[in-house]
Amino acid sequence: MADKQEWGECLLKIEHPPLEFKDEAALERWLTEKSVELESPWLLAFAEDGVIWGLVEKGELYLSSAEHTKVSPKLRLITLQSLRLFGAEAELLLWREGHGFKARILKEGGGEPRKFRDYELLLWGAAEESQEPAGRFRLMKEGAQGFLHAPPVAAQRAKLIARDYLDHDHDTGQALIRWNRLTGLKEGGK
């Protein structure tokens, strides 16, 4: 039987920011600015050629592709499918639509009252015990599948913390989860 999940309440503001980039360098500058503005230090991107993790520290964007070139692809507009820049209070979601991109920001602290619930998602893979972190990103491998990625953690295992927001369908009155976002990255876990 599943654990009963508690619902909290917050004010949630939803924005659709203008996209201010035409190439990879401009995208990285824009993401860094948004990270600082939203206090959202973590980045998780899905591209046609793999998973890209990122971390913004002291106003500078670091990508897993710089440390793990054989595992993590470069952040390229031509292959990027979606990207989440996330932190405790806000998330920027960028996704491909047609030949361009769209974006949405979920930010707590203003807007409409919403109920929410948090939960944890165990990341695929574990770092080898003998492998010490060599930088900001630690290489993790998932069993027989051999899936590799390099999140910005020092521990052998890690979890994403996610949040769902409840809404109601205005036609039917049915409650539903309308939005979700990532709120953090937690080291450890089984």
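Just so it is clear, none of the values below were taken in a lab; they were calculated from the coordinates. What you see is a predicted model, and the numbers here were worked out from it, not measured in a lab. A quick note on method: Cβ atoms are made from the backbone with ideal geometry, for glycine too, and the neighbour counts reach across all protein chains shown.
General observations
- Only Lys, Arg (+1) and Asp, Glu (-1) charged, at Cβ; the chain dipole about Cα centre in debye: 220 debye
- Projecting the Cα atoms of L148, A158, P113 onto the dipole axis of segment 8-187, where Lys and Arg carry +1 and Asp and Glu carry -1 at the beta carbon, places L148 farthest toward the positive end.
- Dipole axis of the chain (+1 Lys, Arg; -1 Asp, Glu on Cβ), positive-most option in H170, L38, G54: G54
- Of the GluC sites (Glu not before Pro) found in segment 103-146, those that fall in a DSSP loop while having at most 12 other beta-carbon atoms within 10 Å are E128, E129.
- Cα gyration tensor shape for the chain, rounded if a/c is under 1.5, else prolate or oblate: oblate
- Residue-count net charge about R138 - beta-carbon cut-off 13 Å; Lys, Arg +1, Asp, Glu -1: -2
- Relative to one another, the C-alpha centroids of segment 22-40 and segment 92-143 are positioned 16 Å apart.
- Averaging the sequence gap over all C-alpha pairs within less than 8 Å and six or more residues apart, then dividing by the number of residues, gives the chain a relative contact order of 22 percent.
- Using the Cβ-Cβ distance between K74 and I177 with R0 = 30 Å, the FRET efficiency computed as 1/(1 + (r/R0)^6) comes to roughly 0.35.
- Reachable lysines from K74, criterion Cα separation under 24 angstrom, eight or more residues apart if same chain: K22, K34, K58, K102, K141, K159
- Residue-wise HN-Hα coupling along segment 36-50, computed from phi with Karplus coefficients 6.51, -1.76, 1.60 (Hz; x: Gly, Pro): 5, 4, 8, 6, 10, x, 9, 10, 9, 10, 10, 10, 4, 10, x
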